[in-house]
């Protein structure tokens, strides 16, 4: 059985690239470019909680990095470097090769270098730290929403949650297993959007963080929320509502921007090949969310997923 | 039961200090000072593997951060910022308060700010990422050892491993539960030492990383290796050898420096209140380790702890 050090060398020790020092010392060394702030985020994913037991390792490699890239997207930051700490029940080389393949394929597309990490034996757990750059003062914060802002959503919502109850719907399963972090969109929203967050816990809950940090409210038209085409055939409005409003793991961006920016934002749709939908507006009122049905009546809110509340 | 967000706010949301943005957004934002490189490291600690089930939460808070601060010490970096990702089996407020107390007490002594993290429910696991600063080009690397360098060890070895078989020896238990990362020593070794590493897996194994990266060998006099006073009473030379050579978790620094630096290094002993012992020398020869007993005869090496090899 390979040792920890052989595993690191074989699967995870790639040339350092732009980092001054990569994998293999007590720490990596790096320098953000002049005028840049460093954005730093970390996520811990556990088997049986954040992904199913026996999950495909290639998809897991993709998804574990995608979740972190999405945090960079939500800040308007350009991902640069990542560290991977992983606990493995055994040193299964086939599993590791597939995991590394999924990880590095996505990393290459986003020019993100693996610069360090940790491996240990234990129940499968993956902790990724990502570091990115954003021009000083231009990060998209949860606290930046202002009354009068348009509220926008990228792509579509609810697909990842739908896959949990309908694993026969391929498009939904792809949303769950292979989310595409909206990195390019986040970068293009610098200087355009006032606030942003990514949908990891569910639209209502994640929007709630923006409203709480910004000291604002929002008015959202439920019928305008972009959603997976699969819901149309299913004709299960309760499931649809739960998935679209409360489903996590979509990794779309929810952002607010002054109405004067509408044409710039709409121009991003063909430029990036991603749908961008105006779903409502930021309004005055501490954390107040008015969710309206197609007839303009207030809807009863579903609660988002909270890792300790449930 | 508190939600994930209430836990974060209550125990871990401290003012950001020198970071541009701390806990509570999709990422933290920070800027290294001019002329500084950023050192980044991550460690994943699991219950039952890296610490005992039911470990005292205050000590665990201390130790989980100490392990990461030690990586900064081994680079000669000044710790600045940390992120804490933690999986908890339940939101036990007493446990969390004690863990946070141990964590923040050590963090305050090293002026390290908590700037982000992640909490989830699951078997107890702690993943800390630490970020520090080191003047450009001055980091202490594993690859810098040169034949002719003196080889030094800080403090004493073997105490943490001794605690595993002799939990009645308080001094050893303190070494295991409450290691003191040699941060100030690492900082003072910038421009003095040629190479450094911290002893996390055992002296022989960790020195081996330095030799491999530096393309050198070493000659070490076993009798000179500084060790816990408790070994003298125990009179168990086999246990002593296993602990001193192969015991992990001591978090002392092993470093090499030109012999011209001896007086500067010896002056650090009273300045920092830490023992520094010259235990041998770096020699030519790829990864060759000559370990000599008191009579100058070669000793048979014990193998260090490897998380997958055992």
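Just so you know, all these numbers are worked out from the coordinates, no wet-lab data involved. Keep in mind it's a predicted model, so treat the numbers as computed, not measured. Cβ coordinates were reconstructed from backbone atoms using ideal geometry, including for glycine residues, and neighbour counts include every protein chain displayed.
Rounded to 0.05, the FRET efficiency of the residue B:224 and residue A:174 pair, given R0 = 45 Å and the Cβ-Cβ distance, is 0.15.
Peptide A:78-88 has a mean of 3 when you count, residue by residue, the C-beta atoms of other protein chains within 10 Å of its C-beta. Which residue, B:212, B:281, B:34, has the most motion in a Gaussian network model of chain B that connects Cα atoms within less than 10 Å? The residue that fluctuates most here is B:34. Calculation over all alpha carbon pairs of the protein assembly as shown in 10 angstrom steps from 0 returns a P(r) of 3, 17, 26, 25, 15, 8, 5, 1, 0, 0 percent.
Fewest first, what order do B:225, B:245 take by the number of other Cβ atoms within 10 Å?
Details: B:225 21, B:245 25.
Going from least to most buried by this count: B:225, B:245.
Over every Cα atom in the stretch B:142-292, the radius of gyration and the widest Cα-Cα span, Dmax, amount to 14.7, 43 Å. Compute the acute angle (0 to 90°) between the alpha-carbon long axis of helix A:57-75 and the principal axis of greatest extent of the alpha-carbon atoms of chain A; round to the nearest 10°. Once rounded, the angle reads 50 degrees. With distances taken between every two different alpha-carbon atoms, the stretch B:204-263 has a Kirkwood hydrodynamic radius of 13.4 Å. In the protein assembly as shown, the DSSP-assigned H stretches of four residues or longer account for a calculated mean residue ellipticity at 222 nm of -8500 deg cm²/dmol, using -39500 (n - 2.57) per stretch and the full residue count as denominator.
By the compact-protein rule of thumb, 2.2 N^0.38 Å, the alpha-carbon radius of gyration of chain A corresponds to a ratio of 1.02. Only beta bridges with both residues in the protein assembly as shown are counted; by DSSP, about 75 percent of them are antiparallel.
For the stretch A:42-97, the share of alpha carbon pairs falling in successive 10 Å distance bins from zero is 19, 53, 24, 4 percent. Note on chain A: with a GNM built from Cα contacts shorter than 10 Å, the maximum mean-square fluctuation among A:48, A:76, A:248 falls on A:48.
The angle between the Cα long axis of helix B:262-272 and the main principal axis of chain B comes to about 40°, on a 0 to 90 degree scale. Inter-chain neighbour count for B:141-151: the average number of beta-carbon atoms from partner chains within 10 Å of each residue's beta-carbon is 1. Using every Cα-Cα pair within the stretch A:4-135, state what percent have a distance larger than 20 Å. The calculated P(r) of the stretch A:4-135 puts 41 percent of pairs beyond 20 Å.
Annotation: the residues A:37, B:156, sorted from fewest to most other C-beta atoms within 10 Å of their own C-beta, follow the order B:156, A:37. The residue B:290 and residue B:33 beta-carbon pair, evaluated with R₀ = 45 Å, returns a calculated FRET efficiency of approximately 0.60. Relative contact order for the stretch B:108-212: 34 percent, from Cα pairs under 8 Å spaced at least 6 residues apart, divided by residue count. Exposure proxy ranking for A:101, A:133, based on other Cβ atoms within 10 angstrom of each Cβ and starting from the fewest, stands as A:101, A:133. Relative to the longest principal axis of the Cα atoms of chain B, helix B:93-109 runs at roughly 50 degrees.
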